[in-house]
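Taking it in order: structure first as C-alpha cells, then the write-up.
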Amino acid sequence: MSILVNKNTKLLVQGITGRDGSFHAGKMKAYGTNVVAGVSPGKGGSTVDGIPVFNTVEQAINATGANTSIIFVPAHLAADAILEASEAGIDLVIAISEGVPTLDMVKVMPYLTKKGTKLIGPNCPGLISPGEALVGILPGNIFLKGNVGLMSRSGTLTYEMVYQLTSNNIGQSTCVGIGGDPVAGLYYLELLQMFQDDPATEAIVLIGEIGGDAEERAAQFIKEHVTKPVVAFIAGQSAPPGKRMGHAGAIISSGSGTAEEKIKAFEQVGVRVAKIPSEIPDLIKLVMKN
Amino acid sequence: MKIHEYQAKEIFSRYRIPVTDEVVCYTVDEAVAAAEKLGLPVVIKAQVLAGGRGKAGGVKLARTKADVPELAGKILGMDIKGYTVEKVLVAQGVKFSSEFYVGLTIDRNSKSVIFMASSEGGVEIEEVAKDNPDAIHKFIIDPDLGLTPFLARKIAFALFSDFKLVKQGADLFQKLYRIFMDTDSSLVEINPLVITEDGQLLALDGKMNFDDNALFRQSAIEALNEPTEDELKELDAKEKGLTYIRLDGSIGCMVNGAGLAMATLDLIKYFGGEPANFLDIGGSSNPQKVIDAMNLILSDKNVKVVMINIFGGITRCDDVARGLIIALDKIKVDVPIVVRLSGTNSKEGLEILKQANLPIVETMSQAAQKAIELCGKN
C-alpha cells in the first residue's frame, strides 16, 4: 500500500510536448508509471515516447480513462490547466509549474473543493510510491520501497533525506513534495491523516521550512490525530528575516514563521526534530524500535 | 516587491481613497517649497523601503517655518536599516480623533485573501498581533464573490459606531480590495486610517507589497521597482537562472535546490561558521551556470572559501563533475573550494573530481566542517 499514487494510477501529462513535459513523461514511463496520455492543445493526434497526445483533457480521459494528471505548462497557464483537469473529472492533479501567481491559485481553490479534486503543488517536485508509481520530477533511482511516509516543502532536500534513508536501508511507502508556494493544495494535515490511515506506513518524516505556520498546525494535528511516530526537520534556521529563500513561501515576515518557533512546536508535542539532515535515519531507527 | 508610501497612496488616490495632500521632495529646498504650498504644520516622512521609519527618527512633525529645512535636512541622507533616505514625503499635518488599522493579505491556511481590521491603529500591527491578538478582526474573502457590500459593512461595523462612518468605511474597504486584486498585491495596508476633525476617513499612511510571480502581468507596478544594490545583484542572478541572496559571512555557498541551500546554510552555522550567501543554481550541469555562480559568489569580497554542495538527482553527479571542471578551468579562483557531491552516479563524479585534484568530501557535514576549517586558515 501507499497513498495517492500506486499501480492503479493512470497518468495524464498536461504540457507533454514541452521540454520538461516530454523529458519527464519518458522518465516516469521508464520508472514503470502507467502514463496513458498527454495533452497539448493543437498537437492532438501526435505521440510522445509512444504516449498518445490529445487536444483536451476531456478527450484524453474519454480515450484512456486517465485518473491523475501532472502539469508541466508555463506558470501563467497553470491555473487554467488545473481547472481543465478538475472540470474533466481528474481525481488528483499534480502541478509542477514554478512561479504561478498567488491570486491565480486563490481563485482556483474553491472550484477544486466543489469538484472534490485533490491538488499537489504548484511549485513542487511531485510524489512517488516506490516500486509502484512515480508522478513528478523526482529521481526514481534513489527511492526504496518500504514503510516510511515522507512529506516535504522542498525538492532537493527531500532527495538528500531519502538518499540517506535508502543508504541506511530504510524504505519509503510514499514521498510527497507539497511545494514551496504560500498557497498550495494538499498540505501536512491532509497527508498526515492519509499516512496515519495507510497500513503500509509505520513512521512519518516531515520536512518543513521557514514561513507561515503550517508546521505549528501540523504539530497540533499530530498531537490530536496521529499515533504513528513522526520525525521532523526544519530548513532555514539561519535565514535572515524578510528575505525570500528561493521558495516563494519561505520567508520570515514580521518575526513570525521562524524555524525556532516550528521546532519548539514539534518538540512540545513529542515529535523529534533532527538538528542536521544526517540525523534523520538514526531518529527513524530510534522511533521505529520503540 | 515593495513600493514607497507615496507610491501606494498615489494608487489609493486613483481608486478615490482619500489620502493626505502631500509632495515628494528630493532636496531641502523642495521640502521648504512644499511646506509653503501645503501650509503648516507638515509631517516630513523618510521614503525608504523598510519598516520602522518612525522609530528610526525618519518621521517628524514640522510646526514652524524654521522646522522644515532643519528636519528635512536631518532626514534626507539618514540611514534607516541600511537604506539611505533619498526622498522625503512632505504631507499636510492633519488633526484627527481616532486611528485604525486596515489591511489585506493572503492567508495560507484558508487559501484566500483576508481582510484585517483593528481599532488599535497607528502602532506596528505586528506588536498588536503579539500583545493583543483579539484586537485584530479577520475576515476571509470568498474569491468568487469578492468583498461583498454586506461583508464590507460587517468589517466597518467592527470599527465604527457612527453609521455615516460605516458607510464611508465599507465603500473604502471595497476599493482597497479592488486595488489588492487588480495589482496582484501580497499586502495592502492603511495604518493609520484616521477620522479627521470634519468626520471624514483619511489614509494617513499606505503600504503595498506585490507578488513577484505576477509581475509579468503588472508592468505599471514593475516600473515602480527601485532595487537596492544587493537586490540588483539578485535580479541579475535571476536572469541567469540563479537565486542569490547576499549574507554577512565568509563562506560562499553553491547548492542545487532552495531547500538544500537553506539546509546548507544552517549546517554551516551549526558547526560555527558564517555563510556569505544563499545560492540555488537549480537542477542542471551546465558549466556556464557554474561559472556565473562562481563569479557571483566571488564578487563578494568577504568570501574566503567556497563550498559546493550538489545532490545529483535527475542530473547525474558525473555530469555535474565534468561541468565543474570546465567551469573552474575557465575562471580564476583564488580561494579554496570544498566540493561535496552525492546522489546519482556520485562514485563516478567523485572519481572525476579526484583526478582534477579538487578537494572532495562525502557528506554535507564534512563539507561544512572542512569549509570552516579552511576559512579559519585564510
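The values are calculated or read from the model by the stated rules, or taken from the named source; none is laboratory data. These figures come from a predicted structure and were not determined experimentally. Here Cβ is always computed from backbone atoms with ideal geometry, including for glycine, and neighbour counts include all displayed protein chains.
Going through region A:132-145 one residue at a time, which ones are out of contact with any helix residue (DSSP H, G or I) (no Cβ under 8 Å at 6 or more places or on another chain), without any contact (Cβ under 8 Å) to a residue 60 or more places away in the chain and more than 7 Å from every other protein chain (Cβ to nearest Cβ)? Scanning region A:132-145 gives a single hit, A:Lys145. Just one of the listed residues (B:Thr243, B:Thr264) is modelled with pLDDT of 90 or more, polar (S, T, N, Q) and either crowded, with 24+ Cβ neighbours inside 10 Å or farther than 22 Å from A:Ile207 by Cα (or both), namely B:Thr264. Out of the helices (runs of 4 or more DSSP H) lying entirely within region B:109-228, which hold 2 or more residues that are within 14 Å of chain A (Cβ to nearest Cβ)? Because the criterion is at least 2 residues that are within 14 Å of chain A (Cβ to nearest Cβ), the helices (runs of 4 or more DSSP H) in region B:109-228 that meet it are B:125-131, B:163-182, B:219-222.
Filtered by the rule that a residue be crowded, with 20+ Cβ neighbours inside 10 Å, among the polar types (S, T, N, Q) and in a helix (DSSP H, G or I), region B:332-370 gives a lone residue, B:Ser346. Reported count of residues in region B:212-234, each being free of Cβ contacts under 8 Å to residues at least 40 places away in the same chain, surrounded by 15 or more Cβ atoms within 10 Å (Cβ to Cβ) and in contact with a Ser or Thr (Cβ under 9 Å, 6 or more places away or on another chain), is 4. Counting residues in region A:198-210 that are among the charged types (D, E, K, R), within 11 Å of chain B (Cβ to nearest Cβ) and either more than 15 Å from A:Ile263 (Cβ to Cβ) or in contact with a strand residue (DSSP E or B) (Cβ under 7 Å, 6 or more places away or on another chain) (or both) gives one or more. Is it the case that region A:179-187 has a residue that's closer than 17 Å to A:Leu157 by Cα, among the small types (Gly, Ala, Ser), assigned by TED's automatic domain parsing to the domain that holds A:Val148 and assigned to a loop (DSSP other than H, G, I, E, B)? Yes, region A:179-187 has at least one match. Can you confirm whether A:Asp49 is in contact with a helix residue (DSSP H, G or I) (Cβ under 9 Å, 6 or more places away or on another chain) and without any contact (Cβ under 8 Å) to a residue 12 or more places away in the chain? The answer is no for A:Asp49.
For A:His24, which of the numbered conditions (1) under 20 Å from A:Leu134 (Cβ atoms); (2) under 17 Å from the mean Cα position of the chain (by Cα); (3) at pLDDT 95 or above; (4) not in a loop (DSSP other than H, G, I, E, B) fails to hold? Result: A:His24 passes all but (3). Has region A:216-236 got any residue that is within 8 Å of chain B (Cβ to nearest Cβ), more than 17 Å from A:Thr158 (Cα to Cα) and not aromatic (Phe, Trp, Tyr)? Looking through region A:216-236, at least one residue is within 8 Å of chain B (Cβ to nearest Cβ), more than 17 Å from A:Thr158 (Cα to Cα) and not aromatic (Phe, Trp, Tyr).
The set of residues in region A:181-225 that are among the charged types (D, E, K, R) and surrounded by 24 or more Cβ atoms within 10 Å (Cβ to Cβ) comprises A:Asp181, A:Glu209, A:Glu215.
Based on what the data block shows, is A:Leu134 crowded, with 24+ Cβ neighbours inside 10 Å, more than 10 Å from the chain's Cα centre (by Cα) and assigned to a helix (DSSP H, G or I)? No, not satisfied.
Any residue at all in region A:140-152 that's under 21 Å from A:Ser22 (Cα atoms) and modelled with pLDDT under 95? There is at least one residue in region A:140-152 that is under 21 Å from A:Ser22 (Cα atoms) and modelled with pLDDT under 95. Could you go through region A:146-156 and let me know if any residue there is away from chain B (no Cβ under 14 Å), under 12 Å from the mean Cα position of the chain (by Cα) and in a strand (DSSP E or B). Checked against the condition, which is being away from chain B (no Cβ under 14 Å), under 12 Å from the mean Cα position of the chain (by Cα) and in a strand (DSSP E or B), region A:146-156 yields at least one hit.
For region A:157-167: of the residues being among the polar types (S, T, N, Q) and at the interface with chain B (Cβ under 10 Å from one of its Cβ atoms), which is surrounded by the most Cβ atoms within 10 Å (Cβ to Cβ)? Among those residues, the one meeting the criterion is A:Thr158.
Taking the criterion of being closer than 19 Å to A:Lys29 by Cα and surrounded by fewer than 18 Cβ atoms within 10 Å (Cβ to Cβ), the residues of region A:53-66 that qualify are A:Ala63, A:Gly65. Does region A:31-41 contain any residue that is of a type outside the set (Gly, Ala, Ser) and closer than 21 Å to B:Arg217 by Cβ? Taking every residue of region A:31-41 in turn, at least one turns out to be of a type outside the set (Gly, Ala, Ser) and closer than 21 Å to B:Arg217 by Cβ.
Within region B:353-378, the residues that satisfy the criterion of being within 23 Å of B:Gly257 (Cα to Cα) and in contact (Cβ under 8 Å) with a residue 24 or more places away in the chain are B:Leu353, B:Leu358, B:Met364, B:Ser365, B:Gln366, B:Ala367, B:Ala368, B:Gln369, B:Lys370, B:Ala371, B:Ile372. Looking at region B:321-372 only, could you name the residues that are acidic (Asp, Glu) and touching a helix residue (DSSP H, G or I) at 6+ places or on another chain (Cβ under 7 Å)? The answer is B:Glu348, and nothing else. Is it true that A:Gly257 is small (Gly, Ala, Ser), over 15 Å from A:Leu150 (Cα atoms), facing another protein chain (nearest Cβ under 7 Å) and within 24 Å of the chain's Cα centre (by Cα)? So A:Gly257 fails the test. Within region B:184-206, being within 17 Å of the chain's Cα centre (by Cα) and either buried (at least 20 other Cβ atoms within 10 Å of the Cβ) or among the small types (Gly, Ala, Ser) (or both) holds for B:Asp184, B:Ser185, B:Ser186, B:Val188, B:Glu189, B:Gly206.
Here B:Lys95 passes the criteria (1) surrounded by 17 or more Cβ atoms within 10 Å (Cβ to Cβ); (2) within 30 Å of B:Ala35 (Cβ to Cβ); (3) over 22 Å from the mean Cα position of the chain (by Cα) except the one numbered (1). Check A:Ala75, A:Ala66 and return the single one that is in contact with an Asp or Glu (Cβ under 9 Å, 6 or more places away or on another chain) and under 29 Å from A:Met109 (Cβ atoms). After applying the criteria, what remains is A:Ala75.
Between A:Ile280, A:Ile251, the distinction of being aliphatic (A, V, I, L, M) and farther than 16 Å from A:Gly212 by Cα belongs to A:Ile280 only. Among the numbered conditions (1) β-branched (Val, Ile, Thr); (2) in contact with a Phe, Trp or Tyr (Cβ under 7 Å, 6 or more places away or on another chain); (3) within 30 Å of B:Ala371 (Cβ to Cβ), tell me where B:Ile195 comes up short. Result: B:Ile195 fails condition (3) only. The residue that is nearest to the chain's Cα centre (by Cα), among those in region A:238-254 that are within 8 Å of chain B (Cβ to nearest Cβ) and without any contact (Cβ under 8 Å) to a residue 24 or more places away in the chain, is A:Arg244.
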